[in-house]
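A.B. asks: For reference, the structure I am asking about is given below.
The values are calculated or read from the model by the stated rules, or taken from the named source; none is laboratory data. The model shown is predicted, which means the values in this text are computed figures rather than measured ones. Heads up, the Cβs are rebuilt from the backbone with ideal geometry, glycines too, and the neighbour counts pull from every protein chain shown.
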Amino acid sequence: MNFSLSSDQHLMVETIRRFITEELKPLEELVEASGSLPDAQAHAIHAKGKALGFYAFNIPEAHGGGGLSHFDRILCEEQFGRTTDILIRRAFGNVYEPLLHCQGRQIERWLAPTVAGTRTCSIAITEPGAGSDAGGISTRAVKTSAGWRLSGAKHFISDGLWSDFFLVSAKTDENEISLFMVDKGLPGFTVGKDQPMMGLRGTPHIELFFDEVPLEEDALLGARGQGFKLAMGALNVVRLAQVGARAVGKATHICESMFDWARERHQFGKSIGDFQMIQQMLADSVIEINAARWMVYRAACLLDEGHDARVEISMVKVHAAETLGRVVDRAVQIFGGMGYCKDLPIERYYRDARIYRIYDGTSEIHRSVIAKAVLKNGAINFDPFH
Ligand SMILES: Cc1cc2nc3c(=O)[nH]c(=O)nc-3n(C[C@H](O)[C@H](O)[C@H](O)COP(=O)(O)OP(=O)(O)OC[C@H]3O[C@@H](n4cnc5c(N)ncnc54)[C@H](O)[C@@H]3O)c2cc1C
């Protein structure tokens, strides 16, 4: 077991961190104030991110992506946690792995342009009536002689205003879910309202409505009836990277501000970092972040070794998301009134952090997954000597 990173990995992390500090962080306040990332800045950071060489870094080189291992990917994702969701989406892309199931003409039409960054895709699974119960959807695709006819509705779809097409889950039979690639602009496909959120300003989250939308045969991704498996398999990796690793990165970044403030803020003639109650909050934050980081790294190594790691990733999802929640709450406390005031970004970090316990499976759902696994398999998922 080797806990050190190679010089290449250090260089990669430093490169990304510098790019985030110099190119993305200066845009955060603009996004926060206006509620969106203006097109001019979006195109500019998109071009700069691509020039850096990390666009679609999770996709194999054979398909034009960066071809990073899971471990290297999460090292990048940890750094992504240092800035906001929308800036990362524009600079580095968000190419969902189910697209790797594209075959034949589908590759040119959907996969290749998404990896190249000329088209953008969002994933549309959640519906007003089906969130945690992703198998309980009402959206349906009926077979026709020309392909399929899609009807139903989705909501909360991240980045949907910018996206050119959507990976949509639909029932193709009573007990069968399939995934479809659905282009914006098809007849019967309407984009609903942008649903305002507590945080994540700048990333739109939209409603989608499908009224008998005609889909070509080619729109079916993977085999009929395999949609649930494709989506859940991909989301497993997404939640390790975009929730687990980003939560660790975000919490680390917030901690750095806490250390500075604890050193520099003086009350009663001392820096507040001299007070033991403040010290306890700092120490607990560091302990919890470090534990979360090693859980993230181990789960990524398991994926690289070819293991499924589903239960380990559920543990990461819960622990990293809840650690971030506790750390940012302590940050508000240590900053006092300034932690609550919009003059500093701490209150924004607090709002942005809250979603980590909800999307990509709530903490309750992941705790159920873990409990069911250990009741069935014993300690195999967390005891390496089992
Ligand atoms: C900002 C944001 C971005 C999102 N982006 C996307 C996206 O891009 N694409 C997409 O498809 N979806 C997206 N979602 C949807 C997200 O994945 C769901 O909100 C999430 O899965 C929870 O579903 P729900 O909101 O319907 O809550 P519900 O499923 O209604 O859950 C409500 C509460 O009940 C609890 N609960 C439910 N079932 C159980 C159970 N069996 N045991 C114990 N407790 C239970 C939950 O844990 C929760 O506390 C997004 C949501 C948000 C807020």
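A.B. asks: Please find, among GLY152, GLY131, GLY136, the residue that is within 16 Å of the ligand (Cβ to nearest atom), under 19 Å from GLU212 (Cα atoms) and out of contact with any Asp or Glu (no Cβ under 6 Å at 6 or more places or on another chain).
C.D. replies: The unique qualifying residue is GLY152.
A.B. asks: Right, another one. Quick one: which of ALA321, ALA300 is closer than 28 Å to LEU30 by Cβ, part of a helix (DSSP H, G or I), touching a helix residue (DSSP H, G or I) at 6+ places or on another chain (Cβ under 6 Å) and small (Gly, Ala, Ser)?
C.D. replies: ALA321
A.B. asks: Next up: Do the conditions hold for PHE71, that is, is it within 30 Å of SER257 (Cβ to Cβ), assigned to a helix (DSSP H, G or I) and aromatic (Phe, Trp, Tyr)?
C.D. replies: yes
A.B. asks: Look at ALA299 and say whether it is surrounded by 16 or more Cβ atoms within 10 Å (Cβ to Cβ), within 16 Å of the ligand (Cβ to nearest atom), closer than 20 Å to ALA247 by Cα and within 17 Å of the chain's Cα centre (by Cα).
C.D. replies: Taking the combined requirement at face value, the residue does not satisfy it.
A.B. asks: Can I ask one more? Considering ILE107, ILE86, which residue is farther than 24 Å from VAL327 by Cβ and out of contact with any Lys or Arg (no Cβ under 6 Å at 6 or more places or on another chain)?
C.D. replies: Testing whether each residue is farther than 24 Å from VAL327 by Cβ and out of contact with any Lys or Arg (no Cβ under 6 Å at 6 or more places or on another chain) leaves just ILE107.
A.B. asks: Then there is this: Name the residues in segment 349-365 that are near the ligand (Cβ under 6 Å from one of its atoms) and either outside the structural domain of VAL248 (by TED's automatic domain parsing) or part of a helix (DSSP H, G or I) (or both), would you?
C.D. replies: Listed by number, the residues that qualify are ILE355, GLU364, ILE365.
A.B. asks: Something else now. Quick one: GLU174 ticks every box in (1) buried (at least 16 other Cβ atoms within 10 Å of the Cβ); (2) more than 12 Å from the ligand (Cβ to nearest atom) except a single one, so which number is it?
C.D. replies: Failing condition for GLU174: (1).
A.B. asks: Separate question: Scan segment 242-268 residue by residue and report those that are within 14 Å of CYS76 (Cα to Cα) and either crowded, with 24+ Cβ neighbours inside 10 Å or aromatic (Phe, Trp, Tyr) (or both).
C.D. replies: VAL243, GLY244, ALA245, ARG246, ALA247, VAL248, GLY249, LYS250
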